[in-house]
């Protein structure tokens, strides 16, 4: 490979980098996972401020004292629930319990102390829950560990996906997961290769989850969409605690239909059904409409004739032997014996023997393992992942604290073939992803289902390590430093090699190899033409990447109204990219991306949190620096000596240094409490993020040394300018109504452009900054967080996105070709805005712990919890445009999507232990949704959509009606084909009409002729009108719909039931 990265370290040698990190680590420091408690202490009778009152958090060393105005502040408080005690000589102490502290928020606690002569006992009161959080100037949701345990979810991302503005896969307000920031105890859990979050966290370790969807403070960088901030649990000093959760699903299929391995499935029936297997589908007993539901097959008679007639005596087979060989080569079956399961365990406390001597050194260890059986067995039968997390905490002194955290995880995946990948290695996991990969692949469909080697095996490994030192300078300021390192490796390879030895006697005298199991790099096909080798398992990936980050922050509460925070960040990346395609049959399709680079980033921010009774503002700015730290080819876009197969590594290429980038991003958030129960908030900010290094620095050549992929290290930072206006209102001290409107103006997004030379010797894809987008919408949330018998929430999101590209998607050297492309390309610059509303609700009904009678020391009616989760989403639009009208896209409405899940649990208290038994049910109503990911080929796709009765359009010639994409015919309804005919004359000219079908004579509006339905009466051999009752039944039952042929995957994710238990105890 050419040495375009050879000087990547000239600007920052390893020794210089380490020295810089050392100096920076000694000088400054950061915090982003703590909260703050503040308030005022007054004399209850006179209302005068009390000076020098000690306000302490019980069980900790955190506290403060009131100033001359009676104000106090306690900084750097971990999220959680606390007891706060205020005391001074001459006054009776007061302890306020159940004080909740949230991530990066201020909790206000007021004290009124009474003279010792008035009352004799210490006062203990329960804190009032602040439903409207006055200091929050953005849309944020927080969940404690207790909140999470009550929901029918098993991961942090599932909790995140319940919020308004958030869609599955960490898509926040239209921004992809790569645009969000996932923090675990302040550590950035992000893949340095592609910006994807590393979000697997044991739920047993979770203390609190915070999800921010609006504007973000200046301390947060390299994000444009949202923040998921997870704070893990600390071990206790007073006791040990442990918990174990196990959840499992009964083994069973993840589709609602015939098994693809059933003899009557689409893949097998033409080859095994006696009505057609011997003579073929064209000459057997199937009618034309049945034939359309299956692949065409010539029959075993014809297969045997061809094999006997060719010049190779080694492949001679009788028709019976050929059929038996087919059965052998399709003998793969699905695994319906192994369950899906989740295992999650945590254990924490003080380190034995030496913990007290080491500053109350305590730990919390957690482990999670999950297995998810795939839709069908592929190269492996399941997705398997595990993660181990550890946290150690020590108070080195009253003013100094040390936190050390680490994670280690593996996941075992299935990687798609290299030629089918979008950019780098892609993986298959969900039923929809697997079915979609098989859909419309007629030449390899059977191989994807019946081989265990069509795809590649993939393993991802990652670990992170972080050390954080906190020093409390005084009661109003503190320093924090954090050094973190994250590493990830990829390993993608074929499954084991297949033996070519024909050692299996599958019939008397008939021997075969072990196909379809094992991988063969050589071209090979089965007796029916199924691909068995050569084009399979082509993905390879041996990438290893890491990022080392130093964050630093200083926080000071200048006075009761101003909290100043400032900090630095430095990131050093070590990227060793090595992935591509290996195909021995067609080496011209091979390409590999191999490069090493050490890009660097840095940032500085300053922000002020102004807090007044009627006004809270967060004002700040962030300065970001980035340098790809590489040299790059400086050649013309159609330079044949560099881009074509004429490239020669030994010939020098002009090079240039990558440009350093420096940008500033202003941030502002304002919260204005209007009444005691309501507030108005607004935020605005510029949020910038580097495109993925994988795309910026990619450079791939094919087998003939022609360039295929070209990055651009000088890409501008992707930019989102975001605005949000919101209103929160508390009702009846129990309910919270939240309304927020947002607008996101997005520019410089990563895009691709294809360059084509006039002589055809150059075709490569270059990454650009050409994409733009705007997203706007509003969110409405109703929440009830507290209650004796029930709680819950409901939210609704209405969102509209539009976008396009600033420049052309293809650049032609030939001007005439460029003009043709510009003329024929649909929606060259912008796609139309399409609304995508969705809504969710959660209802939790529970019984109190003291409810009902006791029987044998147990309360059978107490501590029951039923949590129901509902989800609805507008179906959106799909494109059906068989006439290829350039201006038409996204023209057919899709059926809306909805779903219900639930969790039913019962907690049993056993002394110091708690046992919770629970049942989770996904898709409670067993709702069937047509996947639209089950088409055998393009003709199958056309047959389905052409059979629908759609709104009138110039894009197609369907019968007019109100059908939507996704409407379906039930399995118990016989298919009644409705064939369109242009006129009565054409109807009478049919030579072999089907008695099964209904024929629809299209209307002639100019002649005033309406459409009519006819059928052929075989008894009278004449055409007759379809009786009204029969026609109505056909229309009502949707009997006219020609369902997709891969019926196994028409309906995915049927009802699933999981049973589980959680056992926790303290000692």
Return yes or no: is residue 869 surrounded by 17 or more Cβ atoms within 10 Å (Cβ to Cβ), within 32 Å of the chain's Cα centre (by Cα) and farther than 30 Å from residue 751 by Cα? yes
Considering residues that are surrounded by 24 or more Cβ atoms within 10 Å (Cβ to Cβ) and either outside any loop (DSSP other than H, G, I, E, B) or not assigned by TED's automatic domain parsing to the domain that holds residue 231 (or both), the number found within the range 157-174 is 3
Of all residues in the range 740-788 being outside any strand (DSSP E or B) and more than 30 Å from residue 820 (Cα to Cα), the one that is farthest from the chain's Cα centre (by Cα): 788
Return a yes/no flag: does the range 878-897 have any residue that is closer than 22 Å to residue 791 by Cα and either in contact with a strand residue (DSSP E or B) (Cβ under 7 Å, 6 or more places away or on another chain) or at pLDDT 95 or above (or both). no
Going through the range 1012-1034 in order, the residues found to be within 17 Å of residue 986 (Cα to Cα) and surrounded by 13 or more Cβ atoms within 10 Å (Cβ to Cβ) are 1012, 1013, 1014, 1015, 1016, 1023
Among 940, 971, 963, which is the only one that is crowded, with 17+ Cβ neighbours inside 10 Å and farther than 24 Å from residue 1014 by Cα? 940
Quick check, is residue 546 outside any strand (DSSP E or B), within 29 Å of the chain's Cα centre (by Cα) and modelled with pLDDT of 90 or more? no
Given (1) at pLDDT 90 or above; (2) assigned to a loop (DSSP other than H, G, I, E, B); (3) under 28 Å from residue 551 (Cβ atoms); (4) in contact with a strand residue (DSSP E or B) (Cβ under 7 Å, 6 or more places away or on another chain), identify the lone condition not met by residue 194. (4)
Give 1059, 1051, 1063 a once-over and let me know the one that is surrounded by 13 or more Cβ atoms within 10 Å (Cβ to Cβ), under 30 Å from residue 437 (Cβ atoms), at pLDDT 95 or above and outside the structural domain of residue 153 (by TED's automatic domain parsing). 1051
Residue hits (the range 257-285; at pLDDT below 95 and either touching a strand residue (DSSP E or B) at 6+ places or on another chain (Cβ under 9 Å) or at positive phi (or both)) are 257
Anything in the range 37-50 that is surrounded by 14 or more Cβ atoms within 10 Å (Cβ to Cβ) and in a loop (DSSP other than H, G, I, E, B)? List them, or say none. 44, 50
Residue check, residue 791 surrounded by 13 or more Cβ atoms within 10 Å (Cβ to Cβ), modelled with pLDDT of 90 or more, over 26 Å from the mean Cα position of the chain (by Cα) and in a strand (DSSP E or B): yes
Take the conditions outside the structural domain of residue 217 (by TED's automatic domain parsing) and not in a strand (DSSP E or B) and apply them to residue 60. Does it pass? yes
Taking into account only those residues within the range 500-526 that are out of contact with any helix residue (DSSP H, G or I) (no Cβ under 9 Å at 6 or more places or on another chain) and outside any loop (DSSP other than H, G, I, E, B), which is surrounded by the most Cβ atoms within 10 Å (Cβ to Cβ)? 519
Answer yes if at least one residue in the range 841-852 is in contact with a helix residue (DSSP H, G or I) (Cβ under 7 Å, 6 or more places away or on another chain), buried (at least 16 other Cβ atoms within 10 Å of the Cβ) and assigned to a strand (DSSP E or B), and no otherwise. yes
From (1) in contact with a strand residue (DSSP E or B) (Cβ under 9 Å, 6 or more places away or on another chain); (2) assigned to a helix (DSSP H, G or I), pick out the condition that doesn't hold for residue 941. (1)
Only one residue in 891, 884 is surrounded by 17 or more Cβ atoms within 10 Å (Cβ to Cβ) and either within 30 Å of residue 289 (Cα to Cα) or within 24 Å of the chain's Cα centre (by Cα) (or both). Which one? 891
Residue under question is residue 928, and the condition is that it be in contact with a strand residue (DSSP E or B) (Cβ under 7 Å, 6 or more places away or on another chain), assigned to a loop (DSSP other than H, G, I, E, B) and in contact (Cβ under 8 Å) with a residue 60 or more places away in the chain; does it hold? yes
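The values are calculated or read from the model by the stated rules, or taken from the named source; none is laboratory data. Just so we're clear, the structure is a prediction, and the values are computed from it rather than from any experiment. Neighbour counts run over all protein chains shown; Cβ positions are idealised from the backbone, glycine included.
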